[in-house]
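The values are calculated or read from the model by the stated rules, or taken from the named source; none is laboratory data. What you see is a predicted model, and the numbers here were worked out from it, not measured in a lab. In this analysis, Cβ positions are derived from the backbone assuming ideal geometry, glycine residues included, and neighbour counts consider all displayed protein chains.
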Amino acid sequence: MREIQVNMAYRWFLGYDLDETIPDHSVLSKARVRFGMEVFEHFFKHSIELCQKAGLLSEGPVYVDTTLIQAAASMDSLRERGEDIRPPLSIREYVKRLYTENAPVAQVEPVPRPVPPDTKPSDADVGVPPRYRRTRPDGHRRKANNELVSRTDPEATVVSRRGFDMHLAYKAHVTVAGAKGQVITAALATTGAKADEHLLRDMLRYHSELTNLPVKEVVADAKYGTMANYKSLRETGMIAFIPPRQRIRGPRGIWGSNHFRYLREQDIFLCPDGKPMKRFASRASTQRVSYRAPKGACVDCQFRKQCTPTGQDRTISRFFEQKLVDEAKERLSTSTGQELLKQRKVRVEGVFALAKELHGLRRTRFMGRWKVQIQLWLTAAAMNIKRAAKQLSKAELIAGSAQVAHKVFVTGRFAHAAREITGGIHQIILGLRNHFGNSPI
């Protein structure tokens, strides 16, 4: 605020006269609480409208993806849920005191204690504080997000990704669209443990609400390739360019479904050894039909080690509406499908790279999901505004506007484009000034 008082460029950009009083610093430092989330969402939506005005946004494929944002909290801040209301004595201590105060008459031979399971931490537990590596009586590691909570940021959740240590994080769900696929059209912050595929329909609806554009083609990675999403997209008339979820290699390197061939006419699978696998079960809960190899056929099979090391009859399943999965695979095998998948890596993942490297989205600046949501909206709005300004300046140069090319004042050759952008921003600023005034909180 002190810099704004003496810097004419800042005053000009914000629309304050030389003799006009500058707002108190608390107007900005407390803005999140005073304005509420609606103001920041409106600001993000206005950035999308600026991109539309610049000609960057039109009907076309919509790219959906997520990225993790490291929370501003350490793994050392984890504690057990309900720790504050724990009774003064544990069950073991209470029973021990009970037997001490009421000693039994007859002595019973003590039952030998079982050998405790190996408590050596697994590779996935390396980032977990030692005091939270305790095992349950059955030997399974406790589920961190169900039983632990961070004292610093209770809404941040523990995540683990290949190549990274366990850490607390949030997740940013983003849709990207446009002629060059570089306009962020929807942004939603959730906990790090929220599954990507569960929010596909909501993200596409959010995209349509903010852009007023229909969604015809959806491009995403295999995380979104679930039967529920395929059905949802078919019902709404959208074309899915999404690889199906499938295991190339199962647990411990066991061969996945790609090693088995389905014969539609006979309704059977052929295993890698050429033996038929017939239908034996149908489960409505999972919407799958299961097929099993002939009894005892896997015991002496030459592929037993890769297919079913235990020697049990191998099983494989197929969806009731497997046709949707087959159509998605066939669609992706075309030149259009291959090109869209290549564009997804450049466009949506490129947006994440810029957001983290140049716009501070690698780590949260605040604690709490609603504050992370505001940070995500502001980051997306800033990126959209910069793209709109660049596109508007290019349009002026192409039109032969030498006045824009040689304009040298605060914004240089982007002056005209900056005025177009700041015109919309000024409307928001003036509205906030009229609503809140310049007085401190």
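Before moving on, here are some points about what is shown:
- As a summary of the residue check, F319 satisfies the conditions (1) touching a helix residue (DSSP H, G or I) at 6+ places or on another chain (Cβ under 6 Å); (2) at pLDDT 90 or above except for the one numbered (2).
- Number of positions in segment 193-214 that are buried (at least 23 other Cβ atoms within 10 Å of the Cβ) and not in a helix (DSSP H, G or I): 0
- Any pair with Cβ under 9 angstrom, 6 or more apart, that starts in segment 320-338 at a residue that is closer than 14 Å to R264 by Cβ and aliphatic (A, V, I, L, M) and ends at one that is at pLDDT below 90 and exposed (fewer than 14 other Cβ atoms within 10 Å of the Cβ): V325/Q246
- E357 fulfils the conditions (1) under 30 Å from D267 (Cβ atoms); (2) free of Cβ contacts under 8 Å to residues at least 12 places away in the same chain except for a single criterion, (1).
- Residue within segment 172-189 that is surrounded by fewer than 20 Cβ atoms within 10 Å (Cβ to Cβ), more than 13 Å from the chain's Cα centre (by Cα) and farther than 16 Å from V325 by Cβ present: yes
- Selected residue (only one of E357, E339 is more than 25 Å from V218 (Cβ to Cβ), of a type outside the set (A, V, I, L, M, F, W, C) and at pLDDT 90 or above): E357
- With respect to the conditions (1) under 16 Å from the mean Cα position of the chain (by Cα); (2) within 30 Å of P272 (Cβ to Cβ), R369 falls short on a single one, namely (2).
- Within segment 291-313, the set of residues being crowded, with 16+ Cβ neighbours inside 10 Å and under 35 Å from the mean Cα position of the chain (by Cα) comprises Y291, C307, T308.
- Among helices (runs of 4 or more DSSP H) entirely within segment 293-402, having at least 1 residues that are touching a Leu at 6+ places or on another chain (Cβ under 9 Å) and of a type outside the set (F, W, Y) singles out 322-332, 335-358, 369-398.
- Every condition in (1) at pLDDT 90 or above; (2) in contact with a Cys (Cβ under 7 Å, 6 or more places away or on another chain) holds for D313 except the one numbered (1).
- Test: residue in segment 58-73 that is over 30 Å from G237 (Cα atoms), in a helix (DSSP H, G or I) and modelled with pLDDT of 75 or more: no
- Filtered residues of segment 293-314 (kept if among the acidic types (D, E) and more than 15 Å from F280 (Cα to Cα)): D300
- P243 meets the conditions (1) touching a helix residue (DSSP H, G or I) at 6+ places or on another chain (Cβ under 8 Å); (2) more than 28 Å from S317 (Cβ to Cβ) in every case but one. The failed one is (2).
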